[in-house]
Amino acid sequence: LYERSHISSPPIDYFDVFKESKEQNFYESQESVIALCTYLQQLIKTIEDLDENQLKDEFFKLLQISLWGNKCDLSLSGGENSSQKTDVLNSLEDLKPFILLNDLEHLWSLLSNCKKTREKASVTRVYIVLDNSGFELVTDLVLANFLLSSELATEVHFYGKTIPWFVSDTTIHDFNWLIEQVKHGNHKWMSKCGADWEEYVKMGKWVYHDHIFWTLPHEFCAMPQVAPDLYAELQKAHLILFKGDLNYRKLTGDRKWEFSVPFHQAVNGFHPAPLCSVRTLKAEIQVGLKPGQGEQLMASEPCWWTSGKYGIFQYDGPL
């Protein structure tokens, strides 16, 4: 009996109970995806004509889109609609006051210096440790495309989850599925993005990595002991972007830090390469604020650090 049932049951190793919700999030965000892909393709057409300041503005804009894309989180919405229906591009100015920590200047100076000093055959690697699939992943891929088109990076490496883990987390299946969907989208700029992204993967300019460490219970400062191979890999990066809340919690050991404790201290010796947390706040942890800033927010808005309303770009690395 065991053998018969064993043979007739499909393997569940890769069964993703969240698959339907993730795909629905993508489909319901179609208009925003089209708007973003259209914006990117128009930008790429003129990218060589942009002066340094204009390029910097676009870099900041696409990073902010990637930040606010982090709001589209199925775990936060408790199954409610979490798709992106508003045009995030036109909301950026209104959302700026909600960025509590903004270290974008550090990211720009780091990558623009890499670009200026790079020899012909050398590489600049940006790593993105992914969070949610669906619309947020689109914003990450649009940013990654811009990094290559602007030559601020020559390679982008993505880290997702090895198993369907925390509701809308990105797996290799989600990554490949989304590129395929965008490629077959019924809009010319959307399908152009998908075709380009597929090409980047084939050429090795985009590399997707799996590692079991990301779904283990360790804080990131344990990585050199627990996963020395992964830590050595991250040391090859010129910049690592950590998307989302869970990555932030693991960066800071999920401790009850004072709000004003420096980020560099809270990451507790985890310094594989310059890194930046790109996160909308959905968990009760935040460091690196100005003295009194967290307390002031707490008095006026008790849910400020869990509502997803506020965001941060928090950098740790050489200045």
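Residue pairs whose Cβ atoms lie under 8 Å apart, sitting 6 or more positions apart in sequence or on different chains, and linking a residue in the range 95-108 that is closer than 21 Å to Asn53 by Cβ and part of a helix (DSSP H, G or I) to a partner that is open to solvent by 70 Å² or more (accessible area, probe 1.4 Å) and not small (Gly, Ala, Ser), are His106/Leu319.
Residue count for the range 137-190 satisfying the condition of being open to solvent by 30 Å² or more (accessible area, probe 1.4 Å) and either among the β-branched types (Val, Ile, Thr) or free of Cβ contacts under 8 Å to residues at least 60 places away in the same chain (or both): 14.
Output the residue which, of all residues in the range 203-225 that are within 26 Å of Tyr27 (Cβ to Cβ) and at pLDDT 95 or above, is surrounded by the most Cβ atoms within 10 Å (Cβ to Cβ). Filtering the range 203-225 for residues that are within 26 Å of Tyr27 (Cβ to Cβ) and at pLDDT 95 or above, the one surrounded by the most Cβ atoms within 10 Å (Cβ to Cβ) comes out as Trp206. Given the condition modelled with pLDDT under 85 and not aromatic (Phe, Trp, Tyr), answer yes or no: does some residue in the range 64-72 qualify? Yes, some residue in the range 64-72 is modelled with pLDDT under 85 and not aromatic (Phe, Trp, Tyr). Would you check which residues across the range 247-265 are open to solvent by less than 40 Å² (accessible area, probe 1.4 Å) and of a type in the set (A, V, I, L, M, F, W, C) and list them? If the condition is that a residue be open to solvent by less than 40 Å² (accessible area, probe 1.4 Å) and of a type in the set (A, V, I, L, M, F, W, C), then Leu251, Phe259, Val261, Phe263 are the ones that fit.
Which count do you get for residues in the range 284-302 that are surrounded by fewer than 16 Cβ atoms within 10 Å (Cβ to Cβ) and in a loop (DSSP other than H, G, I, E, B)?
Taking the range 284-302 first, the residues surrounded by fewer than 16 Cβ atoms within 10 Å (Cβ to Cβ) are 284, 290-293, 295-296, 298-302.
This time we only want the ones that are in a loop (DSSP other than H, G, I, E, B), so: 284, 290-292, 301-302.
Result for the range 284-302: 6.
Can you pull out the residues in the range 83-114 that are of a type in the set (S, T, N, Q) and either modelled with pLDDT of 95 or more or more than 17 Å from the chain's Cα centre (by Cα) (or both)?
Of everything in the range 83-114, those that are of a type in the set (S, T, N, Q) and either modelled with pLDDT of 95 or more or more than 17 Å from the chain's Cα centre (by Cα) (or both) turn out to be Thr86, Asn90, Ser91, Asn102, Ser109, Ser112, Asn113.
Restricting the range 117-130 to residues that are at pLDDT below 95 and not hydroxyl-bearing (Ser, Thr, Tyr) leaves a set whose member that is most open to solvent (accessible area, probe 1.4 Å) is Lys120.
The values are calculated or read from the model by the stated rules, or taken from the named source; none is laboratory data. None of these values were measured; they are calculated from a predicted model. Note: ideal-geometry Cβ built from the backbone for every residue, glycine included; neighbour counts use all protein chains shown. Keep in mind that these areas ignore ligands, DNA and RNA; they rest on the heavy atoms of the full protein, side chains included. Shrake-Rupley method; radii C 1.70, N 1.55, O 1.52, S 1.80 Å.
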